[in-house]
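The values are calculated or read from the model by the stated rules, or taken from the named source; none is laboratory data. Quick caveat: nothing in here was measured; it's all calculated off a predicted structure. Every residue, glycine as well, gets a Cβ built from its backbone with ideal geometry; the counts of neighbours run over all protein chains shown. In case anyone asks, the SASA skips ligands and DNA or RNA and just uses the protein heavy atoms, side chains included. Shrake-Rupley method; radii C 1.70, N 1.55, O 1.52, S 1.80 Å.
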Amino acid sequence: MSAVLRSPGDYGRVAVLLGGTTAERDISLQTGGAVCDALRRRGVDAVTLDATGDWFRRLADGGFARVFIALHGRGGEDGVVQGALQTLGLPYTGSGVLGSALAMDKVRSKRLWSAHGLPTPEFIELASDADLERAARELPFPLMVKPVHEGSSCGASKVLHAAGLADAWRAALQYDRRVLAERWITGPEYTAGILWRQPLPLIRLETPRVFYDYQAKYLDDTTRYICPCGLEAGAERELQSLVLRAFDVLGASGWGRVDFMLDETGRPWLLEVNTVPGMTSHSLVPMAAAAAGIPFDELVLRILHTSTAERSAGSAAA
Ligand SMILES: Nc1ncnc2c1ncn2[C@@H]1O[C@H](COP(=O)(O)OP(=O)(O)OP(=O)(O)O)[C@@H](O)[C@H]1O
Ligand SMILES: [Mg+2]
């Protein structure tokens, strides 16, 4: 990490951009609220700004020195807001335009990983009835059907037989105009937080549900988060270097979270990268940071500090 600014005042007035109009609005309100409280506890002049209505004007006229992006999903995590902030000349946290856009698009993420020899489950994008037939013919069941650009497992479902594919497709289409079907991975699920190119300790997720769905993420108390994750140290280090490559290949930067699973043979399979993961007190990156000895408020400050990273021509996009 480059040197932290001398005092909290050096960051100037910070807008914590939160809310917005996406399916993940509620989670974003929680993330942004927790972030703003932490920044204030550390003496930073921070206020929340809901990304609805004339937010762009409020931001431009608000006398802000930088922005902490606490928006999840499309219109906040996908490069659009990042481009707008760049146009305003306001420094912001996390990934730039290109890294944000690529990470938000699960199909393009998977294509890039495959091109770089990184493991991700085989998939077919479902754009027509012919694609449904091709997926049924060419991919082994069960399949995971999910929106290309959604988060929080919204619109995702496990499909056991070809007969269930069309319904799953329609359910995912409620959330996104693009949908993919990918090979179902049977095995433990993990997530890896990344902060300033340092992977945090892995967390293993366990749920009695079919998969880690919206209910398991935000509502159930039966979901278990295991950290340290129980893998032998060498295996954990290898997986951490895999997730960092996955993060870098997409041009993501600053901080984020990589989700992956291991199959029955222990082989890893990359699922997706989140460039603005949840930051509530129950969220995964804060949990992993705590395991690495970084308390919540310190984590938030280190993420705020990613807004000071240079975005020169080469990295502007990233
Ligand atoms: N190929 C797969 N095989 C088995 N389970 C899967 C597969 N893909 C996704 N899942 C399950 O669905 C969950 C959601 O998938 P994924 O992480 O790809 O989407 P997301 O909705 O963008 O998640 P997030 O809330 O982390 O942004 C995963 O955490 C995992 O439990
Ligand atoms: Mg995920």
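The number of residues in the stretch 179-194 being open to solvent by less than 10 Å² (accessible area, probe 1.4 Å) and more than 8 Å from ligand 1 (Cβ to nearest atom) comes to 7. Could you go through the stretch 29-40 and let me know if any residue there is surrounded by 23 or more Cβ atoms within 10 Å (Cβ to Cβ) and out of contact with any helix residue (DSSP H, G or I) (no Cβ under 8 Å at 6 or more places or on another chain). Yes, there is a match, as at least one residue in the stretch 29-40 is surrounded by 23 or more Cβ atoms within 10 Å (Cβ to Cβ) and out of contact with any helix residue (DSSP H, G or I) (no Cβ under 8 Å at 6 or more places or on another chain). Flag not set for Gly43, criterion: assigned to a loop (DSSP other than H, G, I, E, B), open to solvent by 10 Å² or more (accessible area, probe 1.4 Å) and free of Cβ contacts under 8 Å to residues at least 12 places away in the same chain. Select from the stretch 249-291 the residues that are within 29 Å of Cys36 (Cα to Cα) and free of Cβ contacts under 8 Å to residues at least 12 places away in the same chain and write down the one among them that is farthest from ligand 1 (Cβ to nearest atom). Ranking the candidates gives Ala290 first. When the stretch 247-262 is filtered for residues that are of a type outside the set (A, V, I, L, M) and either away from ligand 2 (no atom under 12 Å from the Cβ) or open to solvent by 20 Å² or more (accessible area, probe 1.4 Å) (or both), the ones remaining, listed by number, are Phe247, Asp248, Gly251, Ser253, Gly254, Trp255, Arg257.
If you filter the stretch 263-277 down to residues that are open to solvent by 10 Å² or more (accessible area, probe 1.4 Å), near ligand 2 (Cβ under 10 Å from one of its atoms) and touching a Phe, Trp or Tyr at 6+ places or on another chain (Cβ under 9 Å), you find that the one that is nearest to Gly75 (Cα to Cα) is Glu272.
Of note, Leu200 does not satisfy the criterion of being farther than 29 Å from Thr265 by Cβ and either open to solvent by 70 Å² or more (accessible area, probe 1.4 Å) or away from ligand 1 (no atom under 12 Å from the Cβ) (or both). For the stretch 148-168, residues that are more than 10 Å from ligand 1 (Cβ to nearest atom) and either modelled with pLDDT under 95 or surrounded by fewer than 21 Cβ atoms within 10 Å (Cβ to Cβ) (or both) total 7.
Residues of the stretch 278-295 that are open to solvent by 10 Å² or more (accessible area, probe 1.4 Å) and farther than 22 Å from Phe211 by Cβ: Ser281, Pro286, Ala290, Ala291, Ala292, Gly293, Ile294, Pro295.
From the set of residues in the stretch 217-241 that are within 16 Å of ligand 2 (Cβ to nearest atom) and within 17 Å of the chain's Cα centre (by Cα), which is nearest to Glu189 (Cα to Cα)? So the residue we want is Lys217.
Residues are listed down the side, and each one gets a yes or a no for (1) under 20 Å from Gly79 (Cβ atoms); (2) part of a helix (DSSP H, G or I); (3) open to solvent by 40 Å² or more (accessible area, probe 1.4 Å):
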{"position": "Val210", "(1), (2), (3)": "no, no, yes"}
{"position": "Gln215", "(1), (2), (3)": "no, yes, yes"}
{"position": "Asp221", "(1), (2), (3)": "no, no, yes"}
{"position": "Cys229", "(1), (2), (3)": "no, no, no"}
{"position": "Gln240", "(1), (2), (3)": "no, yes, no"}
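Residues that are free of Cβ contacts under 8 Å to residues at least 40 places away in the same chain and surrounded by fewer than 19 Cβ atoms within 10 Å (Cβ to Cβ) within the stretch 91-127 comprise Arg108, Arg111, Ser114, Ala115, Gly117, listed in sequence order. Screening the candidates Phe260, Phe247 for the property of being within 13 Å of the chain's Cα centre (by Cα), closer than 17 Å to Gly79 by Cα and not in a loop (DSSP other than H, G, I, E, B) yields one hit, Phe247.
Of all residues in the stretch 169-178, which are modelled with pLDDT of 95 or more and within 15 Å of ligand 2 (Cβ to nearest atom)? Hit for the stretch 169-178 is Ala172, nothing else.
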